[in-house]
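What follows is calculated from the coordinates using simple rules that are stated; it is not laboratory data. Please read these numbers as outputs of a predicted model, since none were measured by experiment. When we count neighbours, we look across all protein chains shown, and the Cβ atoms used for this are built from the backbone with ideal geometry, even at glycine.
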Amino acid sequence: MIGQRQALLSVTDKTGLVELGQGLVRHGFRLIASGGTATHLREAGLEVAAVADLTGYPEIFGGRVKTLHPVIHGGILGPTREAFAETAELGIGPIDIVVVNLYRFEEAVAAGADEAATVEKIDIGGPTLMRAAAKNFGRVTVLSDPSRYGDFLAELENGSGETSLDFRRAMAAATFARVEDYDRAIAAWFGADNGIPLRYGENPHQNATLHLPPTGAGADVGALSAIGLIQHGGKELSYNNLVDLIAAVKLVGDFEEPCCGVSKHTNPCGFGLGAAAVGLDRALRCDPVSAFGGVFAFNSEVDLTVAEALRKRFLEIVVAPSFSEDALAVLKKKKNLRILEADLPQFLAKTRGRTRSWGAVTLRQDEDEGFPELEDWNVAAGEEPDPDTRRALELVWKVVKHGKSNGIVIGDGEATLGLGFGQMSRVDSVELAVMKAGNQQIELRGSVAGSDGFFPFPDGIEKLAAAGVRAVIAPGGSIRDQEVAARATELGVTLILTGRRHFNH
């Protein structure tokens with residue numbers, strides 16, 4: 001028994017299981033499996049020993065207890081093969097490979113399963129096997145993710161049937177992370193998720209934690225792969241960094257065209273269409289001063305030209321779906337700069353919706369996504385915009401959604417020209433946007449503007465017209481919409497009312 005190498009397999013996800021079993025047999029391993037795993041392997045023509053054959057006990061309580069036995073755990077935890085000489089008479093021999101993945105608890109929660117069904121998906125034996133095998137990585141290889149089966153089989157081929165210590169250590173680390181993530185999901189379901197500590201909260205004297213959705217992958221602040229992020233350099237992320245990061249990525253995520261968005265305290269302070277350096281130049285046009293210390297987000301690859309431009313600026317975060325190798329080399333020279341590679345679809349999916357809490361009070365809402373109103377807007381004053389004007393109106397409408405109410409964005413078909421957010425009066429936001437453009441000596445004649453809320457009085461339209469704005473898009477909904485539209489007509493301003501607003505409080 002001591003001489004033959006053994007592999008224990010107990011999996012919920014059968015992906016790649018047969019190929020793995022065939023590879024193990026090819027390298028001389030005896031297969032031990034339980035329940036459905038054994039059946040699956042036998043149906044593929046593989047010889048499999050049942051766990052009950054080793055333990056001498058059948059599965060009990062409907063399969064709840066089958067691997068929790070000294071023969072199994074002794075076989076995993078024995079420190080060396082030689083040490084098993086003392087347990088041979090007990091029927092305990094070495095188990096060299098442990099292949100386990102867990103009951104689908106996260107999926108049960110996501111599907112809205114009732115309490116009894118959810119509790120049944122809390123795996124006990126699986127995490128115990130995984131932790132035991134991972135602890136004993138000096139001798140045992142543990143596989144907790146089917147995506148690593150190929151790497152494992154390659155290890156066996158390259159190592160004449162053996163795995164390297166580095167590989168076993170890496171698999172152990174991934175396994176502990178998976179168990180941690182699994183336990184965190186269970187704790188969250190019970191209402192006791194303590195989260196991952198962040199560098200600090202909104203202020204250095206405030207503690208803060210990050211709570212990730214259950215994903216089946218380990219995650220921490222330095223390696224946020226669970227939500228589609230990889231950090232390539234820079235300081236740890238704080239609470240404010242993450243809030244700003246999410247806001248910036250959501251902005252560029254609303255555009256299919258390549259673009260760059262610069263955000264500061266979650267408000268856009270510049271946005272430009274165009275890949276790489278073009279988008280960056282346009283984004284910096286209207287408020288380069290506020291971009292100091294901001295988050296620079298791209299929805300296309302950052303290349304060397306962009307990296308060289310960013311290297312000369314002070315910024316907290318640069319985030320993009322990819323970076324060229326030479327761009328990364330340049331950016332990493334800024335040792336404090338947080339460089340984040342984002343799988344945009346995954347990150348946007350994981351950050352959909354919003355939850356806010358004040359003590360025991362928690363508010364949740366769906367994501368404000370999509371712009372169906374752009375397909376069916378109402379021309380309240382002036383004529384239907386031509387294609388260039390429509391493009392410009394769509395740009396400012398999408399950008400204004402991402403700033404704090406009250407919001408006004410002035411722009412053209414390529415970029416923002418003036419931005420005013422977070423003011424108590426919409427007129428104040430108009431004045432701020434016009435002032436920002438004036439600070440950069442930007443000519444607003446012929447530009448367009450977007451407002452996240454209705455104009456309660458004509459004064460906002462009057463100030464925009466005086467600045468040179470020729471078309472405005474707003475949701476409408478005021479009792480004075482007709483009065484505002486009439487004034488827009490007098491001023492020669494096209495007014496588009498969408499019937500749908502995008503407040504951001």
So Phe314 and Glu89, fully extended at 0.36 nm per residue minus their Cα-Cα distance, gain in nm 74.1 nm
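Determine the dipole magnitude for segment 358-456: charges of +1 sit on the beta-carbon of Lys and Arg, -1 on that of Asp and Glu, nothing else is charged, the reference point is the Cα centre, and the result goes in debye to the nearest 20.
Working: 9 positive and 18 negative charges, 110 e Å.
The calculation lands at about 520 debye.
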Simple spin-label estimate for Ser147/Thr489, 7 Å along Cα→Cβ, in nm, reads 5.9
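Could the peptides 36-44, 414-422, 130-138, 233-241 be put in order, highest first, of the mean number of other beta-carbon atoms found within 10 Å of their residues?
On the way: 36-44: 16.2, 414-422: 25.3, 130-138: 20.2, 233-241: 18.1.
Top of the packing list down: 414-422, 130-138, 233-241, 36-44.
Let me know the shape class of segment 432-505, please: from the alpha-carbon gyration tensor, a ≥ b ≥ c as square roots of the eigenvalues, rounded when a/c is under 1.5, otherwise prolate if a/b is greater than b/c, or oblate.
On the way: a/c = 2.13, a/b = 1.37, b/c = 1.56.
Here segment 432-505 falls in the oblate category.
When the helix-only estimate is applied to the chain (DSSP H runs of n ≥ 4, each -39,500 (n - 2.57), divided by the residue count), what is the mean residue ellipticity at 222 nm, nearest 500 deg cm²/dmol?
Values: 18 runs with 184 residues, N = 505.
Computed mean residue ellipticity for the chain: -11000 deg cm²/dmol.
How big is the charge dipole of segment 219-331 about its Cα centre, in debye rounded to the nearest 20, if each Lys and Arg gets +1 on its Cβ and each Asp and Glu gets -1 on its Cβ? Mind dumping the intermediate values first?
On the way: 8 positive and 14 negative charges, 78 e Å.
Here the size comes out at about 380 debye.
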Straight-line reach from Lys14: which lysines have Cα under 24 Å away, leaving out those fewer than 8 places along the same chain?
Lys66, Lys121
Sort out for me the Cα centre separation of segment 81-131 from segment 339-407, rounded to whole Å.
45
Out of Val306, Tyr149, Gly78 - ranked by how far each Cα lies towards the positive end of the dipole of the chain, with unit charges on the beta-carbon of charged residues - the top one is Gly78
Can you sort Ser144, Ser322 by how many other beta carbons sit within 10 Å, fewest first?
Ser322, Ser144
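Within 10 Å of each residue's Cβ, count the other Cβ atoms and sort Trp358, Trp377, Trp397 from fewest upward.
Values: Trp358 7, Trp377 21, Trp397 28.
Ordered from fewest to most neighbouring Cβ atoms within 10 Å, Trp358, Trp377, Trp397 come out as Trp358, Trp377, Trp397.
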Extension gain Ala111-Leu210, at 0.36 nm per residue separation less the Cα-Cα distance, in nm?
33.3 nm
Report the Cα centroid-to-centroid distance between segment 138-180 and segment 8-60 in angstrom, as an integer.
18
Percent antiparallel among DSSP beta bridges confined to the chain, rounded to 5, stands at 55
Would segment 64-153 count as rounded, prolate or oblate if I go by the C-alpha gyration tensor, calling it rounded below 1.5 in a/c and otherwise prolate when a/b exceeds b/c, oblate otherwise?
oblate
Listed by chain and number, the residues whose amide H is under 5 Å from that of Gly228, excluding neighbours fewer than 5 places away on the same chain and using placed H, are none
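Rounded to the nearest 5, what % of the DSSP beta bridges within segment 6-190 are antiparallel ones? Walk me through the numbers before you get to the answer.
Values: 1 of 14 bridges.
Taking every DSSP beta bridge within segment 6-190, about 5 percent pair in antiparallel fashion.
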Of the listed values (i) 184; (ii) 129; (iii) 201, identify the label whose number matches volume of the Cα convex hull per residue in Å³ calculated from this model.
(i)
Cβ-placed point charges (K, R +1; D, E -1), dipole of segment 6-190 about Cα centre in debye, nearest 20:
200
Over 20 Å between Cα atoms, which of Lys334/Lys436; Lys250/Lys398; Lys312/Lys436; Lys264/Lys401; Lys135/Lys235 qualify?
Lys334/Lys436; Lys312/Lys436; Lys135/Lys235
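Restricting the count to DSSP beta bridges whose residues both fall in segment 220-348, what percent are antiparallel, rounded to a multiple of 5? Don't jump to the answer; show the numbers that get you there.
Working: 14 of 23 bridges.
Around 60 percent of the beta bridges assigned by DSSP in segment 220-348 are antiparallel ones.
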Least to most buried among Ile442, Ile95, Ile408, by other C-beta atoms within 10 Å and fewest first, runs Ile442, Ile95, Ile408
